[in-house]
Amino acid sequence: MSISTIQRFTVFVSQRVRQACALLGNRLVGSRRLKGWFYPPVEIETAAEIETPAEIEAEVEIEIPAEIAPPAVIETPAEKYRQFNEDYFADLHEQERMLADEPRMAFYHDAITRHIKSGDRVIDLGTGTGILAAFASRQGASHVYAIDHSSIIEHAMQLGAENGIENVDYEGVHSTKFYLDEPVDVILHEQLGDFLFDEAMVPNVCDLRDRLLKPGGLILPSQFELFCEPMTLHDDRRVPYIWELNDVHGFDFTSMERSRPEDVDYYRMSSCDLGVVKQFLGDPTPMVEVDLHTITESTLPSLVSFTRKVTNAGLIDGLVVFMKAKVDDDLVLSSSPLDPGRAPHWGFRILRLDQCHAEIGDELDVSITVKDWADPDTWMWTCEKHTS
Ligand SMILES: C[S@@+](CC[C@H](N)C(=O)[O-])C[C@H]1O[C@@H](n2cnc3c(N)ncnc32)[C@H](O)[C@@H]1O
C-alpha cells in the first residue's frame, strides 16, 4: 500500500469518527432529560462582535440581594439636609457646644419651668442628649416623648436612666415618622439655625403641630424674629474684598475686580466672635417675624425689602443676620453680635457688600430675595444708599 493511500484512509476514518461524535453530542445536548448535565455550546465571537464594557454593562442585569444593595440615592435638598443633620448631631462635640451655652440653657430651663404644667403630655422634638425632656419631666409632665433621628438618642436614654428621669419614652425616629393615638399638650423643640430656618424648624414643627398637637396646645418656643442689619466691622477685623486693596505696602490689587467670584458662598462670612461687629448703622428691626402656632411654609415671603435710616455714621461693610426667640417679654434668646448676653454657640452671618460710607440721615434700601428660607445658598441681597 502506498503512503498516499494510507493517508487518504486515515483522513476518511477520522472524518467519520468526528461526524459520529458530533451526532451523538447533539443527541445528548438536545435530550430534555440530560439537558442539565451539559454546558451549552460555546460560541466564539469574532473581533467585530466583541462588545465594549459599557455595552456589556448596559445588557447585563445583576440582581443584588437587598441586604447588600447600596442605600437609595438621596435626591432632594431637604433629604440631603436630613442626612447631614442626622450625622452632625450624632457628634458629641456638637451636643457639648449646646450644653455649654449658658444663655441657651437658662432660656430653655426658664421657658419649661414657666410654661410646662404638671400633667402635661409633651413631645420633645430632637431631644439630643435628652436635656429638655429631663427638664419637662422634672416640671411634672405626665409623659414626655423624646424623639431624635440621630444615634445620640442612645446616650439620651442612658443619661435619663442614670439621672432618675421618669415618664420619658426615648424614640430613635425622625419626627415625620412619629405617631401617637392621642394628641399632646406641648411641643418642645430647639431646631434653631444660624439663619433661623436652616435646621428645618418650620416643616418639622408644622408637621407635628398639624398631626399631634391638641387644639390650643403650646409650641415652646414659638415666636421668632430674624434680623438683617447693615453694619460696620471693627477696623482691625475688617476683611475687604481683594480688589478693594489698593495699597498693601505699595502693592495694588484693584485689577482683581475683573475676577469677582460668582459663587454666592464667597460673599458670606460666618462668625460668633463679638469682637467683629462694631455697630449697626440704624435701629435694628426684624425683617421677618414668625409664630409657629400659625405659620405655614407658604406664609414666608420670597422678597423682603426695607429701608434703614442711618443713626450711626460709618462704613457699610455688610448686612449681619441674627435671630431672636421670644417666650415672654422678659425671656428672650438672642444671637445678636452686639448683645453681650448672646447665646455664644450660634454663629451670626455677614452678607458682604462693596464698602461705602454712610452719614447720619442717609437711607439704606435693603432687599433680600429668597427661594428657600431653609437654604441660605438661595439668598441674594442688595443694599443701596440714598443721601438726603
Ligand atoms: C439643636 S439640637 C437640640 C438638642 C437638644 N434638644 C438640646 O436642646 O440640647 C437638635 C436635635 O434635633 C435632632 N433632629 C433634628 N431634626 C429632627 C427630626 N425631624 N426628627 C427627629 N430629630 C431631629 C438632631 O439630631 C439634634 O439632636
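The values are calculated or read from the model by the stated rules, or taken from the named source; none is laboratory data. Please read these numbers as outputs of a predicted model, since none were measured by experiment. Please note: Cβ atoms are built from the backbone with ideal geometry, for glycine as well, and neighbour counts cover all protein chains shown.
A few points about this structure:
- Subset tally (residues that are more than 11 Å from the ligand (Cβ to nearest atom), of a type outside the set (S, T, N, Q) and either farther than 22 Å from Leu292 by Cα or part of a helix (DSSP H, G or I) (or both)) for segment 112-123: 3
- Residues in segment 104-160 that are on the phi > 0 side of the Ramachandran plot and within 27 Å of the chain's Cα centre (by Cα): Gly126, Gly128, Gly130.
- Being within 11 Å of the ligand (Cβ to nearest atom) and either over 21 Å from Leu331 (Cα atoms) or out of contact with any strand residue (DSSP E or B) (no Cβ under 8 Å at 6 or more places or on another chain) (or both) holds for only one residue in Ala134, Ala156, Ala141, Ala161, and it is Ala156.
- When segment 356-379 is filtered for residues that are of a type outside the set (D, E, K, R), farther than 13 Å from Val264 by Cβ and not in a strand (DSSP E or B), the ones remaining, listed by number, are Ile360, Gly361, Trp373, Ala374.
- Filtering Leu274, Leu233, Leu281 for residues that are touching a residue at least 60 places away in the same chain (Cβ under 8 Å), assigned by TED's automatic domain parsing to the domain that holds Leu364, more than 30 Å from Leu213 (Cβ to Cβ) and in contact with a Leu (Cβ under 7 Å, 6 or more places away or on another chain) leaves a single hit, Leu281.
- Considering segment 142-185, and only residues there that are out of contact with any Leu (no Cβ under 9 Å at 6 or more places or on another chain) and of a type in the set (Gly, Ala, Ser), the residue that is surrounded by the most Cβ atoms within 10 Å (Cβ to Cβ) turns out to be Ala156.
- Residue within segment 286-296 that is surrounded by 14 or more Cβ atoms within 10 Å (Cβ to Cβ), at pLDDT 95 or above, of a type outside the set (Val, Ile, Thr) and within 18 Å of Asp339 (Cβ to Cβ) present: yes
- Of all residues in segment 158-173 being in contact (Cβ under 8 Å) with a residue 24 or more places away in the chain and part of a helix (DSSP H, G or I), the one that is nearest to Asp87 (Cα to Cα): Leu159
- Subset of segment 181-230 [outside any strand (DSSP E or B) and among the charged types (D, E, K, R)]: Asp181, Glu182, Glu190, Asp194, Asp198, Glu199, Asp207, Arg209, Asp210, Arg211
- In the set Asn85, Asn163, only one residue is among the polar types (S, T, N, Q) and modelled with pLDDT under 95; that residue is Asn85.
- Failed criterion for Phe224 (all others in (1) under 26 Å from the mean Cα position of the chain (by Cα); (2) surrounded by fewer than 17 Cβ atoms within 10 Å (Cβ to Cβ); (3) not polar (S, T, N, Q) hold): (2)
- Residue check, Met269 of a type in the set (A, V, I, L, M, F, W, C), in contact with a Phe, Trp or Tyr (Cβ under 6 Å, 6 or more places away or on another chain), within 17 Å of Leu338 (Cβ to Cβ) and surrounded by 12 or more Cβ atoms within 10 Å (Cβ to Cβ): no
- Number of positions in segment 319-331 that are touching a residue at least 60 places away in the same chain (Cβ under 8 Å) and either over 25 Å from the mean Cα position of the chain (by Cα) or farther than 17 Å from Lys278 by Cα (or both): 7
- Taking the criterion of being closer than 24 Å to Asp91 by Cβ and outside any helix (DSSP H, G or I), the residues of segment 124-143 that qualify are Asp124, Leu125, Gly126, Thr127, Gly128, Thr129, Gly130.
- Any hit, segment 244-266, residues being of a type outside the set (Lys, Arg), under 26 Å from Val332 (Cβ atoms), assigned to a strand (DSSP E or B) and more than 16 Å from the ligand (Cβ to nearest atom): no
- Between His109, His155, His149, His93, the distinction of being without any contact (Cβ under 8 Å) to a residue 12 or more places away in the chain and not in a strand (DSSP E or B) belongs to His93 only.
- The set of residues in segment 166-185 that are within 14 Å of the ligand (Cβ to nearest atom) and not small (Gly, Ala, Ser) comprises Val168, Asp169, Tyr170, Glu171, Val173, His174, Thr176, Lys177, Phe178, Tyr179.
Condition check ((1) modelled with pLDDT under 95; (2) outside the structural domain of Phe195 (by TED's automatic domain parsing); (3) over 23 Å from Tyr241 (Cβ atoms); (4) crowded, with 20+ Cβ neighbours inside 10 Å) across all residues:
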| site | (1), (2), (3), (4) |
| --- | --- |
| Gly318 | no, yes, no, yes |
| Asp330 | no, yes, yes, no |
| Ala358 | no, yes, no, yes |
| Trp373 | yes, yes, yes, yes |
| Asp377 | yes, yes, no, no |
| Thr382 | no, yes, no, no |
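- Within segment 234-266, if we keep just the residues that are of a type in the set (Phe, Trp, Tyr) and surrounded by 10 or more Cβ atoms within 10 Å (Cβ to Cβ), the residue that is farthest from Asp365 (Cα to Cα) turns out to be Phe253.
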